[in-house]
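The values are calculated or read from the model by the stated rules, or taken from the named source; none is laboratory data. The structure presented is a predicted model; accordingly, all values stated were derived computationally and were not measured. Here Cβ is always computed from backbone atoms with ideal geometry, including for glycine, and neighbour counts include all displayed protein chains.
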Amino acid sequence: MKKTLLLTIALVLSTVLFSQTFVDESFNGSELPNGWSTSENGASNWMISATTYSGGDGNELKLAEVPAFEGITRLITTPFNLSNVDEMTVSFKHLFTNFKNGVFTHTIGIATSSDNGETWNTGWSQEYTMTGVYDIETKFTTPDMGKDNVIISLFYEGNSREMNNWFFDDLMIYHQSELDLRIVDINIPDIVETGEREIAFTVENLGLNPIESFEAQIKASNWESPITATFEQSINNSEIVQVTYKDKTFNAITRSKPYNISVEIMSVNGKDDQDANNNYLEKAVLVAFNKSQRIPMIEHFSSSTCGPCVAVNQQMHTLTQNNEGKFTYTKFPTAGDPYHNFEALHKVQEYGVTGVPNLFLDGRNKGSNYLTQTMLDERYNTPAYADIRGAFSLEDDNIYIIADFMSYITLDNVVAYITVNEKTTVQNIGSNGETEFHHILMKMLKSKSGNPISIKAGEYQRLEFTHNMSLTKVEELDDLEVALWLQNPDTKEIYNSNFAFPYTKHCYPIQNLTLNQNGDENTLTWDAPEEGSPIYYNVYINGKLVTENESVLSYTFNTTEEAFTAEVVAVYKDNKTSVGVAKLFGVVEEDPITVVAPNNLTASPTSSSSISLTWNSVKDATSYNIYRDTVLIKNITETNYTDEYLEYNTEYCYTVTAIFDDVESEHSNEVCVKTLGENINELKDSFCLYPNPVNDKLYIETQTLTQTLTIEIYDIYGRLQDYKTIRLQDNVAIDVENLKSGIYFVKINTEKGNIVKRIIKQ
C-alpha cells in the first residue's frame, strides 16, 4: 500500500550532524571504542567515565590528569577511506577544567595520518586557558584528504599537572553530501502503556540541497506487511522534522512481547539518498501492563571531611523534610568519613564518582549541586513500570527484611538493591563542622553488588534477609530505615524505589489471580495472601482503579474488549499495601520460533595455517554463526568456511549455529582438528633476505617454494609500515627506501605457516 501524506508535527533548527559518517561516538560503553588506540606520553590517561560533565548522555570520554605527563597524547580511531573526501566537519562537546584560570595553556585538536601515525597533520586545534563547557563544530582539511587508510586522532598537548581532567562526548566527524536525509529517532518511548499509538519519527536534512519530499517504509511486529508512504515536506539544510504516520497504529495491549518497529528511507526528492548508512532505524518497544507511582531514588555521595558538602547536605535535608513520601534516599559516606565502608567504595567505583558532593537521581548523575524541587517533582510525576514493597522488623540486634519487586514489563538481569541506613547519625563527625548526618548507609544486602534477579511481566520476586546490626556502626537500632530499588546494571536506569515499611510484618500479595468469562461478563477471582490479613483489595482494569475497599475475593465486570489487563492489590491496616499481581488476559502468544541446529559438521586441515569446515544446510536459515573454541568468529550465509591465519600443528574445536529472524539455534556437533605440522625452522631457513642492513632494495630469495605470499613490515612498536602481495618465482625486490633508519620485522605469510625475520634499515 502506498499513500501520500503531509504530516508535519514539528520543525526544529539543528546543527548538521553528518552525511558520510566516519566517527559517530557517544562513548556509552564501558571501554574505549573497539579498535581505537592511544599513544605517546599520556596513553594510559584516556578512559571512559560514568559521568555527564560535558553535556552528553550516559558515559563520556575522560582524559585524566594522573598519571602526570607532559607533551602530546592521542586517542586514535580505526582507519578510514577518504578517497572521495576533500573536507570534513568535526563536532563534539567538552568540559575543560584548568588548574589556574588564565595562567596555564592547554591545547586540543584533530589530526589525521595516512602513514600509520608516523606523520600527523593537524586539521583543527584550539588553546584553552579558562574552565568551562564548550561545544565545537568546525570544518577542516589536511593533506591526507583524498587518501585511503587514514586514521584520525583527538589529541591533547600540554602539562597534565596544570589541569583537572578533561571530559568529551558526542564526537562526530563527517563529510557532507548534496542529498542526504537521515533518520534521527523513532519517537516512541522505550516503554509504553497499553493502548493504541501512532508511529512518529524524526528525520534531518544533512545534505546541502533542500528536500521537498521523501519516501519511507514503516514496519511493526504485528503488521502483515510493511507500509510505504510518501511524506511531502520541505526540509532545508540542517533542519529536523518530526512526522507521524497516522493511518495505521499498533495496539500495545494485544501483544505482550516487545514490538519491533523499523523505519527506512527509500528515496529523497525521487532520487537515491547519497548516504544510505543513515537511512534505517529500528526500535524495540516494551509494553507495560500498567504503571505505578514513581518514588525517585536519591543516591548521595558525601563525606564529613568535605567542606562543600555542608551546604548541599543542608539543602537536601530541607528538600526531604518538605517532601515526605516522595523519595527514597541512601547516602554513601566516602573516603575520609569515619563511616566509610567497602560497600560505599564499590558504589563510588560503579558510578565513577571522582569527587564529593555528588548526587544521582534515579541513576542519573546530577553533579555536585543539591537537587531542586523541580527535579524531584519531574521524576515523581514520571510513570514507573515497576512496583516495590517491603517491610522490616527488629529482634534484639537482628534485622529481618522481606521485599517484593514487581514489574509490569519483563526485566532480565536487573539488580535489586537493599540498603539498611540510619536516619540520623552524630558519631561520624569529621573536619567540615557538621554535627548531624542523614540517611547514612550501614549495610547493603545481600552484598555490595546487590541482588541480580529476573522478573516476568506481572510477577514478582521476593528477597528475604536477616542481618546482625551489631556488626555495623549503627548508633540507635530504633532509628533504622531500609531503602529498596530496582536498577539496570548497564544503563544505570532505576525503574522504581521505595522505603520498606518500618517495624512491621510484610504485606504479602494475593495469590492465583484467574479469570472466568460468560459472554461479556468477566469475573476475576483470587486467593488470600499466603500470610497476613488484608483489610480489603483494590482492583485495576487496564491500569484504572475500578473498585477499592473490596472485601471479597472476586470482582465481576462487563467488557467487550478482546484483551485487557487486570491487577489486584492487597491493602492492610494503616493503609499499607502489597505489590500488585497483574495479568494480561485475552492475548494468544505467538508460537516461539525454533531453529534446527546444523548437523554433519566436518572439519579438515588444508594447510599448516587453515582449516576447512562444511555442514548441512538448515531450512529457512538466513545465516550461520561459526564458533572456534566457543568464541564467535564469523557470521556467513554459506554452508562452508575456511578458517585462516591459524597456528601450525595446533588443535582447534568448532561448532556452528543457524540463525533465523534473530533467533539462534542450538550448537551443532563439535569437531576438533589440528592444522598441518611443519618444521618451522626448516621453513624459516628456506627464505633468505638480503642485503641486511639494507638501504633501498630488500631482496627475498627461496629455493623451495613457488607460491603467492603476503609480506608485512612492522616497526619495533608493532606498527604496520608496509604490506605487499607477491608471487615468488625468482628473487623479489621490496622497496624500503622510504622507511626511516632503524630495526624492522618482516613477516612472511605462507600456506605452510608464518615466519618473521629481522632487518636493519640504514
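Can you name every residue in region 555-565 that is β-branched (Val, Ile, Thr) and not in a strand (DSSP E or B)? Working first, answer last.
Pass one, region 555-565, residues β-branched (Val, Ile, Thr): 556, 559-560, 565.
Selection gives THR559, THR560.
Sort through THR523, THR560, THR547, THR606 and tell me the only one that's assigned by TED's automatic domain parsing to the domain that holds VAL663 and either over 24 Å from ILE295 (Cβ atoms) or not polar (S, T, N, Q) (or both). Don't jump to the end; show me each part of the working.
Numbers: THR523 fails: assigned by TED's automatic domain parsing to the domain that holds VAL663; THR560 fails: assigned by TED's automatic domain parsing to the domain that holds VAL663; THR547 fails: assigned by TED's automatic domain parsing to the domain that holds VAL663.
Checking each option against the conditions leaves just THR606.
Conditions tested, residue by residue: (1) surrounded by fewer than 20 Cβ atoms within 10 Å (Cβ to Cβ); (2) out of contact with any helix residue (DSSP H, G or I) (no Cβ under 6 Å at 6 or more places or on another chain); (3) not assigned by TED's automatic domain parsing to the domain that holds LYS326.
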position	(1), (2), (3)
GLU239	yes, yes, yes
VAL243	no, yes, yes
LYS248	yes, yes, yes
VAL263	no, yes, yes
VAL268	no, yes, yes
ASP272	yes, yes, yes
ASN278	no, yes, yes
PHE301	no, yes, no
SER304	no, yes, no
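Of everything in region 613-641, what is modelled with pLDDT of 90 or more, within 16 Å of VAL673 (Cβ to Cβ) and not in a loop (DSSP other than H, G, I, E, B)? Give them in sequence order.
LEU613, THR614, ILE626, TYR627, ARG628, ASN640, TYR641
Being among the aromatic types (Phe, Trp, Tyr) and under 26 Å from VAL571 (Cα atoms): is that true of PHE405 here?
Details: among the aromatic types (Phe, Trp, Tyr): yes; under 26 Å from VAL571 (Cα atoms): yes.
Considered against the rule, which asks whether it is among the aromatic types (Phe, Trp, Tyr) and under 26 Å from VAL571 (Cα atoms), PHE405 comes out as yes.
Can we say TYR495 is within 35 Å of the chain's Cα centre (by Cα) and within 15 Å of VAL579 (Cα to Cα)?
Values: within 35 Å of the chain's Cα centre (by Cα): yes; within 15 Å of VAL579 (Cα to Cα): yes.
Yes, satisfied.
Could you count how many residues in region 653-670 are surrounded by fewer than 19 Cβ atoms within 10 Å (Cβ to Cβ) and either touching a strand residue (DSSP E or B) at 6+ places or on another chain (Cβ under 8 Å) or in the same structural domain as ASN749 (by TED's automatic domain parsing) (or both)?
Residues of region 653-670 that are surrounded by fewer than 19 Cβ atoms within 10 Å (Cβ to Cβ), as a first pass: 653, 659-664, 666-667, 669-670.
With the extra rule that they be either touching a strand residue (DSSP E or B) at 6+ places or on another chain (Cβ under 8 Å) or in the same structural domain as ASN749 (by TED's automatic domain parsing) (or both), the set shrinks to 653, 659, 664, 666-667, 669-670.
Final tally of qualifying residues: 7.
Being part of a helix (DSSP H, G or I), of a type outside the set (Phe, Trp, Tyr) and in contact (Cβ under 8 Å) with a residue 60 or more places away in the chain is the filter; apply it to region 317-344 and report the residue that is nearest to GLN293 (Cα to Cα). Before the answer, list the steps.
At the first step, the residues of region 317-344 found to be part of a helix (DSSP H, G or I) are 317-321, 342-344.
Filter once more, keeping what is of a type outside the set (Phe, Trp, Tyr): 317-321, 343-344.
From what's left, in contact (Cβ under 8 Å) with a residue 60 or more places away in the chain: 317, 320, 343-344.
Numbers: HIS317: 23, THR320: 18, GLU343: 29, ALA344: 28 Å.
It comes out as THR320.
Applying the selection to region 164-197, what residues are charged (D, E, K, R) and in a strand (DSSP E or B)?
Here is the first cut: in region 164-197, the ones charged (D, E, K, R) are 169-170, 178, 180, 182, 185, 190, 193, 196-197.
Answer for region 164-197, where residues must be charged (D, E, K, R) and in a strand (DSSP E or B): ASP169, ASP170, ARG182, ASP185, GLU193, GLU196, ARG197.
From VAL579, VAL568, VAL539, VAL552, grab the single residue that is closer than 26 Å to LYS326 by Cα, β-branched (Val, Ile, Thr) and not in a strand (DSSP E or B).
On the way: VAL568 fails: not in a strand (DSSP E or B); VAL539 fails: not in a strand (DSSP E or B); VAL552 fails: closer than 26 Å to LYS326 by Cα.
Going through VAL579, VAL568, VAL539, VAL552 in turn, just one is closer than 26 Å to LYS326 by Cα, β-branched (Val, Ile, Thr) and not in a strand (DSSP E or B): VAL579.
Pick from region 73-91 the residues that are surrounded by fewer than 13 Cβ atoms within 10 Å (Cβ to Cβ) and in contact with a Lys or Arg (Cβ under 8 Å, 6 or more places away or on another chain): which of them is modelled with the highest pLDDT? Step through it out loud before you land on a result.
Quick first cut of region 73-91, residues surrounded by fewer than 13 Cβ atoms within 10 Å (Cβ to Cβ) only: 81, 83-84, 86-87.
Then drop every residue that is not in contact with a Lys or Arg (Cβ under 8 Å, 6 or more places away or on another chain), which leaves 83, 87.
Working: SER83: 84, GLU87: 88.
That would be GLU87.
Which numbered condition in (1) at negative phi; (2) outside any strand (DSSP E or B); (3) modelled with pLDDT of 90 or more is the only one that ASN277 fails?
(3)
In this structure, does ALA384 turn out to be closer than 26 Å to VAL192 by Cα and either of a type in the set (Gly, Ala, Ser) or buried (at least 19 other Cβ atoms within 10 Å of the Cβ) (or both)? Give the steps one after another, and end with the answer.
Values: closer than 26 Å to VAL192 by Cα: yes; either of a type in the set (Gly, Ala, Ser) or buried (at least 19 other Cβ atoms within 10 Å of the Cβ) (or both): yes.
Against the criterion (closer than 26 Å to VAL192 by Cα and either of a type in the set (Gly, Ala, Ser) or buried (at least 19 other Cβ atoms within 10 Å of the Cβ) (or both)), ALA384 qualifies.
Consider ARG379 carefully, then state whether it is part of a strand (DSSP E or B), among the basic types (Lys, Arg) and crowded, with 16+ Cβ neighbours inside 10 Å.
Considered against the rule, which asks whether it is part of a strand (DSSP E or B), among the basic types (Lys, Arg) and crowded, with 16+ Cβ neighbours inside 10 Å, ARG379 comes out as no.
Tell me which residues, restricted to region 142-156, are in contact with a Ser or Thr (Cβ under 6 Å, 6 or more places away or on another chain), crowded, with 20+ Cβ neighbours inside 10 Å, touching a residue at least 40 places away in the same chain (Cβ under 8 Å) and not hydrophobic (A, V, I, L, M, F, W, C).
ASP144, TYR156
I'd like to know if region 55-72 contains one or more residues that are more than 22 Å from ASN34 (Cβ to Cβ), surrounded by fewer than 18 Cβ atoms within 10 Å (Cβ to Cβ), touching an Asp or Glu at 6+ places or on another chain (Cβ under 6 Å) and assigned by TED's automatic domain parsing to the domain that holds VAL150.
Our first condition is that a residue be more than 22 Å from ASN34 (Cβ to Cβ); within region 55-72, this holds for 55, 65-72.
The next check asks that each one be surrounded by fewer than 18 Cβ atoms within 10 Å (Cβ to Cβ); those that pass are 55, 66-68, 70-71.
Among the residues that remain, those that are also touching an Asp or Glu at 6+ places or on another chain (Cβ under 6 Å) are: none.
No, there is no match, as no residue in region 55-72 is more than 22 Å from ASN34 (Cβ to Cβ), surrounded by fewer than 18 Cβ atoms within 10 Å (Cβ to Cβ), touching an Asp or Glu at 6+ places or on another chain (Cβ under 6 Å) and assigned by TED's automatic domain parsing to the domain that holds VAL150.
Out of the residues in region 408-446 meeting the condition of being over 22 Å from SER393 (Cβ atoms) and of a type in the set (Gly, Ala, Ser), tell me which one is surrounded by the most Cβ atoms within 10 Å (Cβ to Cβ).
This residue is GLY430.
What is the residue count in region 165-181 for residues that are crowded, with 23+ Cβ neighbours inside 10 Å, of a type in the set (A, V, I, L, M) and closer than 19 Å to GLU87 by Cα?
Residues flagged as crowded, with 23+ Cβ neighbours inside 10 Å, of a type in the set (A, V, I, L, M) and closer than 19 Å to GLU87 by Cα within region 165-181 amount to 2.
Would it be correct to say that GLU60 is of a type outside the set (S, T, N, Q), more than 16 Å from the chain's Cα centre (by Cα) and modelled with pLDDT of 90 or more? Show your work before the answer.
Numbers: of a type outside the set (S, T, N, Q): yes; more than 16 Å from the chain's Cα centre (by Cα): no; modelled with pLDDT of 90 or more: yes.
Against the criterion (of a type outside the set (S, T, N, Q), more than 16 Å from the chain's Cα centre (by Cα) and modelled with pLDDT of 90 or more), GLU60 does not qualify.
Can you find a residue that is crowded, with 17+ Cβ neighbours inside 10 Å, more than 31 Å from the chain's Cα centre (by Cα), at pLDDT 95 or above and among the hydrophobic types (A, V, I, L, M, F, W, C) anywhere in region 119-126?
Scanning region 119-126 turns up at least one residue that is crowded, with 17+ Cβ neighbours inside 10 Å, more than 31 Å from the chain's Cα centre (by Cα), at pLDDT 95 or above and among the hydrophobic types (A, V, I, L, M, F, W, C).
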